[in-house]
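The numbers here are math on the coordinates, done by the rules we state, and not lab data. No experiment lies behind these values; they were computed from the predicted model shown. Backbone-built Cβ (ideal geometry, glycine too); neighbour counts: all protein chains shown.
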Amino acid sequence: MTNAFIFHGTEGTPQENWFPWLKDELEKVGVETTVPQLPDSAHPNVNAWLTEASTFKTGPDTILVGHSLGAVLILRMLERGHQAKAVYLAAPFLHDLDWDVLKESLFFADTFDWHHIKQQCSHFEVFASKNDPYVPVEYVEEVAKGLEVTNQALDVNKHFNTTDFPYLLERIKSNQ
């Protein structure tokens, strides 16, 4: 049975943006979906978030969806051996964006091991918002380049702050 995890970003919650909508839509098609609250999202820490993620059962039937820092969490999870069938990253980035809270998070203390990341999953998709005030398209392009996929630059509401995300659902369904 396919399962999915949807990860929020900095200062995020499972109840915001398109997360509840996507969870409901995936469950309608038989995908058991979890949207966890990550520890202290106002002051994220890579070690605390990875410790929490270590409790999630992932594998070759798992779909991982991440928004912003939640997308970065997925990259770090894959580096550490989590596996997935498919990974969808909305507004991912590889730098601390010159934000103190992200500098302190230690998510960017080490470079990303793209070779190991790509060994853990066979399908990646990366999405940028053309008018994102936090994560420019060029930053998302760096992630796409590391994963050797095409960055899909979309006309959406800024930092993917919408109550639904039909294009993402369509992409997930097309890869089932």
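When only DSSP loop residues count, what trypsin sites (Lys or Arg not before Pro) in segment 1-102 have their Cβ near at most 14 other Cβ atoms within 10 Å?
Working: sites: Lys23, Lys28, Lys57, Arg76, Arg80, Lys85; in loops: Lys57, Arg80, Lys85.
When the trypsin sites (Lys or Arg not before Pro) of segment 1-102 are filtered for loop state and at most 14 Cβ neighbours within 10 Å, Lys57, Arg80 remain.
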Counted neighbours (other Cβ, 10 Å), sorted fewest up, put Phe5, Phe108 in the order Phe108, Phe5
Please list, in order along segment 77-88, the HN-Hα scalar couplings obtained from phi with the Karplus expression 6.51 cos²θ - 1.76 cosθ + 1.60 (θ = phi - 60°), rounded to whole Hz, x for Gly and Pro.
4, 5, 4, 9, x, 4, 10, 8, 6, 8, 10, 10
Within segment 78-176, DSSP-loop GluC sites (Glu not before Pro) with at most 16 other C-beta atoms within 10 Å are Glu148
Amide hydrogen neighbours beyond the local backbone of Phe7, cut-off 5 Å, H modeled:
Val65, Gly66, His67
Amide H partners (placed H, <5 Å) of Phe107, local residues excluded
Val46
Which residues qualify? For Thr33, with a placed amide H closer than 5 Å and at least 5 residues away or on another chain, they are Ala4
Taking the alpha-carbon distance from Lys103 and a cut-off under 26 Å, which lysines remain once sequence neighbours fewer than 8 residues away in the same chain are dropped?
Lys118, Lys130, Lys145, Lys158
Each residue of segment 26-32 in turn: what ³J(HN,Hα) in whole Hz from Karplus with 6.51, -1.76, 1.60 and θ = phi - 60°, glycine and Pro shown as x?
5, 5, 4, 9, x, 9, 5
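Sorting Thr33, Thr55 on the 10 Å Cβ count, fewest up front, what's the list?
Values: Thr33 18, Thr55 7.
With the sparsest Cβ surroundings first, the list reads Thr55, Thr33.
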Structure-derived volume of the Cα convex hull per residue in Å³: which label, when the choices are (i) 150; (ii) 99; (iii) 117:
(ii)
Estimated vicinal HN-Hα couplings, Hz - segment 48-65 in sequence order (Karplus 6.51, -1.76, 1.60; Gly, Pro = x):
5, 5, 5, 5, 4, 5, 5, 7, 8, 7, 10, x, x, 10, 9, 10, 10, 10
